[in-house]
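Read through the structure below, which is laid out as structure tokens, and then see the notes.
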Amino acid sequence: MHSTVRGPSLGGCRMWTYDDSRAAVRDALRLAEGMTYKSAVAGLPLGGGKGVIMLRPGTTLDARARKAAFLDFGETVDRLGGTYVTAEDVGTGPKDMSVIAQATRHVTGLSRRRGGSGDPSPYTALGVLHAIEATCERAFGSPALEGRSIAVVGLGHVGLPLARRLAKAGAKLVVADIDRAKREEAARLGARWMTPAKAMTAAVDLVAPCALGGVLHHDSVPELQAPAVAGAANNQLADESVAELLQRRGIVWAPDFVANAGGIINIAVELEPAGYDPRRAEARTREIGDTLRRIFDDAERAGTTPLAAATALAHERLRPARPSRRRAAR
């Protein structure tokens, strides 16, 4: 695995509503840190970054204004000279990446027709599926999902394809989303529909948070009935102390920056000299399960939380390689 960062910093462009610019900056820094850990744990030769386009509360962009915003963002990325490469994120999509590409070549996730790797969401969902299998193995002694009850909270670009994969694997699903129109998807999956709040505390085997972060905190964790949590949402913990609370309650939690790395793994393949190969991307995404198993083992040996073990692994892989004795003597 890689022990140093040799490539650019890679991270999505998020368009979101913030009360003020300080909140937007804090969010960008927090997300960039998560992307750094995500790349390191996945063994990618990339740093982590994040771009944020801030919207004021109540703001709605028409097509012209949205295009202008992404062109401005692309020009900013281009001025960084390739030290940061952007991709889609919450609030953005492949069409927005095509607009950014008019201003810079340092953009990924373009359509396969344009030489890119396309939407990374299916790979994120695939990686989370393998993370759920590894989490079930740790919690219940078997990675098999047939008959397991799983609550998928958030049926967006990742949550919905994840739910479809889980249904295909034979899981009994509870699903939730703030958009009640998604109930039609629940019916097609044969899933039970709940509100997001009720789904988080449902009496299921595993909860998969797949919307925005911060859902695990000192008020919500005591209400959890599921003995396992593994999902696609970034920054699921409101703060790091929640990892210890989960452990004290005997809840197996898969660190989010490990579980949801499939998208960045897919994009990293796009950046390789050999060019993009979906088979290579899929094979590497499947390794997320084994990485998570190692983290669970490391945590058990050290008597610590999976978060601490995953962070330690990230720091190990970010540590500069030590020079050989011969080089050091020169």
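Using the Cβ of residue 162 as centre and a radius below 13 Å, the other residues enclosed give a net charge of 0, where K and R count +1 and D and E count -1. For the chain, a Gaussian network of Cα nodes joined below 10 Å ranks 60, 304, 201 by mean-square fluctuation, and the top entry is 60.
Between the listed residues 149, 187, 82, the Cα displaced farthest toward the positive end of the dipole of the chain, a dipole computed from Cβ unit charges relative to the Cα centre, is found at 82.
Note on the range 92-138: Kirkwood radius taken over Cα pairs, Stokes-Einstein applied at 25 °C and 0.890 mPa s, translational D equal to 201 µm² s⁻¹. Across all directions, the average flat footprint of the convex hull enclosing the Cα atoms of the range 175-330 is 13.2 nm². Take the Cα radius of gyration of the range 233-296 and divide it by 2.2 N^0.38 Å, N being the number of residues; the result is 1.39.
Using only side-chain charges placed at the Cβ, +1 for Lys and Arg and -1 for Asp and Glu, the dipole size of the range 122-254 relative to its Cα centre rounds to 500 debye. In this structure, the amide hydrogen of residue 48, modeled 1.01 Å from its nitrogen in the peptide plane, lies closer than 5 angstrom to those of 10, 36, counting only residues at least 5 positions away or on a different chain.
Once you have the Kirkwood Rh of the range 62-147 from its Cα pairs, apply Stokes-Einstein at 10 °C and 1.306 mPa s and quote D in µm²/s. Please list the in-between numbers first.
Details: Rh = 15.0 Å.
It diffuses with D of about 106 µm²/s by this estimate.
Counting beta carbons within 10 Å around each of 18, 84 and listing the fewest first gives the order 18, 84. Note on 36, 86: ascending count of other Cβ atoms within 10 Å places them as 36, 86, the fewest first.
The reciprocal of the average 1/r between distinct C-alpha atoms defines the Kirkwood hydrodynamic radius, which for the chain equals 20.4 Å. In the range 122-254, the alpha-carbon atoms span a convex hull of 88 Å³ per residue. Relative contact order for the range 122-254: 25 percent, from Cα pairs under 8 Å spaced at least 6 residues apart, divided by residue count.
Each of 96, 219 was scored by other Cβ atoms within 10 Å of its Cβ. Listed from fewest to most, they are 219, 96.
Based on the alpha-carbon set only, what is the convex hull volume of the range 156-212 divided per residue, in Å³? Walk me through the intermediate numbers first.
On the way: hull volume 4.3 nm³, N = 57.
Expressed per residue, the convex hull around the Cα atoms of the range 156-212 is 76 Å³.
On alpha carbon coordinates alone, what is the Rg over Rh value for the range 198-252, Rh being the Kirkwood radius?
Details: Rg = 9.9 Å, Rh = 11.0 Å.
On the Cα set of the range 198-252, Rg over Rh gives 0.91.
Each value in this text was obtained by applying a stated rule to the coordinates, not by laboratory testing. As the structure is a prediction and not an experimental result, all values here were calculated from the model. Note that we place each Cβ from the backbone using ideal geometry, even for glycine, and neighbour counts take in every protein chain shown.
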